[in-house]
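In what follows, a single structure is set out as structure tokens and then discussed.
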Amino acid sequence: MPITSQAPRDWIDGFLFVGNHLALDFLNTRLVLADGPKELLPDVDALVRWLVASNLLTWPKGKAVVRKWRDTPQAPVLLRELVKFRESLRAVVVRQEAGFSASDAFIAELNSLLKRHPSVIALQWKGKELGLETAFELEKPNDVWAPLAIAVAELLSDVSPVRLRKCEACIVHFLDTSKKGSRRWCSMNICGNKIKVAAYQKRRRAAAKKMRRGR
Ligand SMILES: [Zn+2]
């Protein structure tokens with residue numbers, strides 16, 4: 001049951017989707033942009049927009065959810081807990097990228113989330129083929145835990161850690177699904193060009209220096 005992010009586009013409604021995995025796209029809701037660190041989930045409205053952008057919620061159902069959630073005391077509590085969990089996940093992903101496993105404390109926390117927010121699995125037609133899909137109903141704020149917990153569990157159990165990588169030029173993490181396993185940056189549009197231009201300028205400076213010496 002691979003959980004992948006849905007879009008080939010980099011940005012959807014102000015959120016980055018280059019992680020190739022829902023758990024990593026969730027992790028990438030905190031970025032460091034040219035003008036400094038940027039929290040993409042500053043409030044409940046932003047969270048709902050991210051749920052829509054990541055396809056966990058669809059309109060018009062999303063609209064009803066926003067109306068229902070907006071004034072509940074649980075929604076801001078959930079957001080705080082999600083952001084906290086996201087940063088624990090960041091520590092785990094960084095550890096995995098360095099060749100270490102997830103901590104026992106994180107695994108226990110995740111198992112507790114999975115137990116408290118179980119997912120419903122159902123057979124669904126995908127064209128002519130039947131697939132095992134996880135069905136989510138985000139009726140109340142805490143229902144968001146089910147898809148996220150299972151995505152993180154899948155990231156830790158089904159994904160090869162050597163394919164987990166941080167962009168060479170920013171804090172974005174991604175799952176390298178390239179054939180050769182040689183993806184180096186979050187996106188060609190965001191950091192790829194930056195790295196290529198920097199490398200080109202470095203080569204040019206080196207060549208100019210060599211020419212001056214040769215004179
Ligand atoms: Zn990057």
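The values are calculated or read from the model by the stated rules, or taken from the named source; none is laboratory data. Computed from a prediction, not measured in an experiment: that's the story for all the values here. In this analysis, Cβ positions are derived from the backbone assuming ideal geometry, glycine residues included, and neighbour counts consider all displayed protein chains. Side chains included, ligands, DNA and RNA excluded: accessible areas come from the protein's heavy atoms. Shrake-Rupley method; radii C 1.70, N 1.55, O 1.52, S 1.80 Å.
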Which number in (1) surrounded by 19 or more Cβ atoms within 10 Å (Cβ to Cβ); (2) under 26 Å from Thr58 (Cα atoms); (3) away from the ligand (no atom under 13 Å from the Cβ) marks the one condition that Phe174 misses? (3)
Quick one: count up the residues across the stretch 155-171 that are within 13 Å of the chain's Cα centre (by Cα) and away from the ligand (no atom under 16 Å from the Cβ). 1
Read through the list (1) surrounded by fewer than 16 Cβ atoms within 10 Å (Cβ to Cβ); (2) under 24 Å from Val18 (Cα atoms), then give the number of the only condition that Val152 fails. (1)
Which pairs turn up if I take residues in the stretch 23-35 that are over 27 Å from Glu154 (Cβ atoms) and touching a residue at least 60 places away in the same chain (Cβ under 8 Å) and look for partners that are open to solvent by 10 Å² or more (accessible area, probe 1.4 Å) and aromatic (Phe, Trp, Tyr) with beta carbon separation below 6 Å, at least 6 apart in sequence or on another chain? none
For the structure I just gave you, tell me whether Lys126 is basic (Lys, Arg), surrounded by fewer than 16 Cβ atoms within 10 Å (Cβ to Cβ) and touching a residue at least 60 places away in the same chain (Cβ under 8 Å). no
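Quick grid of which residues meet (1) open to solvent by less than 40 Å² (accessible area, probe 1.4 Å); (2) assigned to a helix (DSSP H, G or I); (3) not small (Gly, Ala, Ser):
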position	(1), (2), (3)
Ala169	no, no, no
Lys179	no, no, yes
Arg183	no, no, yes
Cys186	yes, no, yes
Asn193	no, yes, yes
Lys196	no, yes, yes
Gln201	no, yes, yes
Lys209	no, yes, yes
Arg212	no, yes, yes
Within the stretch 185-195, can you find the residues that are without any contact (Cβ under 8 Å) to a residue 60 or more places away in the chain and more than 9 Å from the ligand (Cβ to nearest atom)? Met188, Asn193
Residue match in the stretch 130-143 (condition: acidic (Asp, Glu), part of a loop (DSSP other than H, G, I, E, B), closer than 29 Å to Gly14 by Cα and open to solvent by 80 Å² or more (accessible area, probe 1.4 Å)): yes
For the stretch 108-123 the number of residues that are assigned to a loop (DSSP other than H, G, I, E, B) and open to solvent by 40 Å² or more (accessible area, probe 1.4 Å) is 1
